[in-house]
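The values are calculated or read from the model by the stated rules, or taken from the named source; none is laboratory data. Everything quoted here is computed from the prediction, not taken from an experiment. Here Cβ is always computed from backbone atoms with ideal geometry, including for glycine, and neighbour counts include all displayed protein chains. Just so you know, the surface numbers come from the protein's heavy atoms only, side chains and all, with ligands and any DNA or RNA stripped out. Shrake-Rupley method; radii C 1.70, N 1.55, O 1.52, S 1.80 Å.
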Amino acid sequence: MKILVINSGSSSLKFQVIDMSTEQVLARGVCERIGIDGVFTYRTGSGISIKEQVPMENHTQAVHVLLDTLADPEKGVIKDFSEIDVIGHRLVHGGEKFTGSVVITDEVIQAMTECNDLAPLHNPANLIGVDACRQLMPDTLMVGVFDTAFNQTMEPKAFLYGLPYQYYEKYKIRRYGFHGISHKYVSQRAAEFMGQDPRRVKTIVCHLGNGASICAVKYGKVVDNSMGFTPLEGLVMGTRSGDVDPGALEFLAKKENLDLSQIMQILNKESGVLGISKNLSSDFRELKDAEIKYNDKAAMAREIFAYKVAKYVGSYAAAMNGVDNIVFTAGVGENDSDIREEICSYLEFLGIHLDDVKNRESAEAVKISDGMSKVNVLVIRTNEELEIARQAAEVAGQLQAQGQEH
Ligand code: ADP
């Protein structure tokens with residue numbers, strides 16, 4: 001079975017073709033600057049690599065470009081479109097309606113459109129990608145995989161805010177949690193790597209990238225997630241503030257005469273390690289380079305980031321009454337051994353001991369705690385596309401089984 005994975009944003013569309021018999025990536029790429037000047041990047045497993053400007057006025061044209069390339073006799077990886085069995089779409093927000101992956105039908109699109117105001121930046125962009133694929137490949141099975149679905153096992157004690165209950169009833173204001181596709185993949189891969197049954201372990205996944213979140217997964221089910229109603233809550237991130245006292249925002253708005261949209265712009269785009277470092281950078285590599293050169297703001301930004309991660313890990317160990325695996329993933333989590341070391345230095349009370357040599361290794365999966373450690377600390381490379389493809393294949397398999405039953 002060959003699966004095309006699509007991750008559609010407002011002006012970009014990432015894609016991969018995965019052969020599920022081997023889980024190998026046959027081709028991957030991204031259409032960027034859609035509606036502007038159009039840049040197409042493409043790479044195959046056999047070593048073909050392209051980066052060129054291709055006009056793409058809209059997402060349908062972008063999908064056209066990628067499909068034509070995939071089926072090209074010289075550059076392609078399939079003979080024709082019929083070789084694509086399923087298209088798996090990454091969908092950001094499924095609200096409370098979607099607790100798992102679904103076959104995309106008109107009803108699902110309607111239900112997702114109803115969730116649009118929960119994720120105004122992401123959901124409409126996802127749906128444009130779905131629409132483009134449906135236009136060009138109307139007979140191909142489409143499966144939607146939601147970033148919120150894995151987190152839907154949270155109990156009310158974790159997902160309700162201390163707000164009047166009527167706002168949950170009226171508007172579904174609650175914690176949804178994000179990065180669910182990554183948290184699911186990484187928590188399961190960690191258990192597999194350690195030879196554990198995922199239904200018997202307590203895992204804390206630290207997804208530390210530009211956007212960062214922590215997730216507590218107990219016996220295969222999410223107990224808590226640091227992101228909330230939107231992906232703004234929780235950790236200090238690249239440009240996002242994470243948790244802030246709302247009272248401070250009212251104070252700031254009055255002092256600087258700002259309206260709500262200006263406050264949101266500050267919280268989403270001008271805060272995090274970028275804001276703390278006085279606009280030095282939102283990029284952790286650049287901050288690390290600056291810290292080495294004794295830039296005290298860069299050092300402070302990284303210190304605050306690590307401290308906040310450790311606080312969440314500690315609280316999630318309490319939420320699960322223990323922890324077996326702590327897993328680092330995403331750009332910073334996978335690559336920054338210094339940050340991992342600093343975070344773990346706060347966690348010695350849990351009986352954590354790092355193996356300094358292992359902590360500097362780079363691999364798809366590595367255990368970085370030593371034999372004395374009471375908790376396994378791991379680094380696992382996240383693979384959201386593979387997780388989407390697996391879930392899409394599972395839905396397709398279930399459909400096939402149902403078809404055979406009838
Ligand atoms: P997102 O998908 O949220 O955009 P990523 O998971 O790609 O983010 O992570 C991006 C972050 O990872 C950037 O801040 C980048 O500096 C950081 N990063 C990548 N490689 C390294 C590295 N070798 N050392 C430290 N940080 C790194």
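Numbers below:
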{"item": "Of all residues in the range 135-194 being among the charged types (D, E, K, R) and assigned to a helix (DSSP H, G or I), the one that is surrounded by the most Cβ atoms within 10 Å (Cβ to Cβ)", "result": "LYS184"}
{"item": "Selected residue (only one of LYS297, LYS288 is open to solvent by 60 Å² or more (accessible area, probe 1.4 Å) and of a type in the set (D, E, K, R))", "result": "LYS297"}
{"item": "Test: residue in the range 285-297 that is away from the ligand (no atom under 16 Å from the Cβ) and assigned to a loop (DSSP other than H, G, I, E, B)", "result": "yes"}
{"item": "Subset of the range 224-246 (residues that are more than 16 Å from the ligand (Cβ to nearest atom) and open to solvent by less than 40 Å² (accessible area, probe 1.4 Å))", "result": "ASP224, GLY228"}
{"item": "Tally, over the range 385-406, of residues that are modelled with pLDDT of 95 or more, more than 14 Å from LYS184 (Cβ to Cβ) and open to solvent by 70 Å² or more (accessible area, probe 1.4 Å)", "result": "0"}
{"item": "The range 212-223, subset touching a residue at least 60 places away in the same chain (Cβ under 8 Å) and not aliphatic (A, V, I, L, M), residue nearest to the ligand (Cβ to nearest atom)", "result": "CYS215"}
{"item": "Number of the condition not met by ALA330 [criteria: (1) touching a helix residue (DSSP H, G or I) at 6+ places or on another chain (Cβ under 8 Å); (2) at negative phi]", "result": "(2)"}
{"item": "Of all residues in the range 203-223 being surrounded by fewer than 20 Cβ atoms within 10 Å (Cβ to Cβ) and in contact with a Gly (Cβ under 6 Å, 6 or more places away or on another chain), the one that is farthest from GLY180 (Cα to Cα)", "result": "ASN210"}
{"item": "The range 322-343, residues that are surrounded by fewer than 24 Cβ atoms within 10 Å (Cβ to Cβ) and either part of a helix (DSSP H, G or I) or more than 7 Å from the ligand (Cβ to nearest atom) (or both)", "result": "GLY322, ASP324, ALA330, GLY331, GLU334, ASN335, SER337, ASP338, ILE339, GLU341, GLU342"}
